[in-house]
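What follows is a short report on a single structure.
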Amino acid sequence: MRALLALRSLVFLVLIPGTVAGYIPWRVLRPSRQLVLPSFSINSALASALAVVGVCVLLVCVWDFFQAGRGTLAPFDPPTRLVVRGLYRFTRNPMYNGVLALLLGQAWFFQSSALLQYALAIFIVFHLMVVVYEEPTLEMRFGESYRAYRGAVPRWGFTVRPFEKR
């Protein structure tokens, strides 16, 4: 059972963020021939670091969904337990933040205004998904424990005091 969950987690990781933060940016950059690697500079190093941080955040969150939540990042195969560990103790949507950091790092690295606009559009989609679907669904599924979490941890920003499960 655990192996099947791990496989589903991996498949959805490739399909969902892989498409949003990999395939689509590649398609955006390809016609403009911006896929040429820039020469090394402080700018390119910082942009790469931002993208790597984004990937790491995404991977940690997928692991937490698998390990603590017993689910995947796919909305139709969500965690069965409320995940309030790791980065989720500091912000309610670290997985989305990781994808956005990866997209912004790519836009910066390739100096692409088209990718920057795409990242902004993705943020709007994420925000609407969170407000319209995820938050009401989590409140229905987890009730008071989610309301306490939501009251203590910001949706997009970060708190310096980690959330402590009661």
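Please treat every number below as a calculation from the coordinates, not as lab data. Source: prediction; values computed, not measured. Cβ: placed from backbone, ideal geometry, glycine included. Neighbour counts: every protein chain shown.
Observations on the structure shown:
- Neighbour counts of other Cβ atoms within 10 Å put Val55, Val84 in the fewest-to-most order Val55, Val84.
- Gained length - Ala6 relative to Arg161, 0.36 nm times residue gap less alpha-carbon distance: 52.7 nm
- Cα long-axis angle, helix 42-67 against the chain (0 to 90 degrees, to the nearest 10): 30 degrees
- Residue of Leu100, Leu29, Leu37 that the Gaussian network model of the chain assigns the largest fluctuation, springs spanning Cα pairs under 10 Å: Leu37
- The chain: most fluctuating residue of Gly18, Gly105, Gly54 per GNM, C-alpha cutoff 10 Å: Gly18
- Segment 50-166, relative contact order [Cα under 8 Å, separation at least 6], %: 30 percent
- Of the GluC sites (Glu not before Pro) in segment 57-166, the ones in a loop by DSSP (not H, G, I, E or B) with at most 13 other beta carbons within 10 Å are Glu164.
- Each helix, a run of at least 4 DSSP H residues, gives -39500 (n - 2.57); summed and divided by the residues of the chain, these come to -20500 deg cm²/dmol at 222 nm.
- With the convex hull drawn around the C-alpha atoms of the chain, the volume per residue stands at 116 Å³.
- Under a Gaussian network description of the chain, with springs only between Cα atoms under 10 Å, the residue in Val131, Val53, Val62 that fluctuates furthest is Val131.
- Along principal axes, Cα extents of segment 26-83, largest first, whole Å: 45, 26, 11
- Percentage relative contact order, segment 48-88, counting C-alpha pairs under 8 Å, at least six apart: 31 percent
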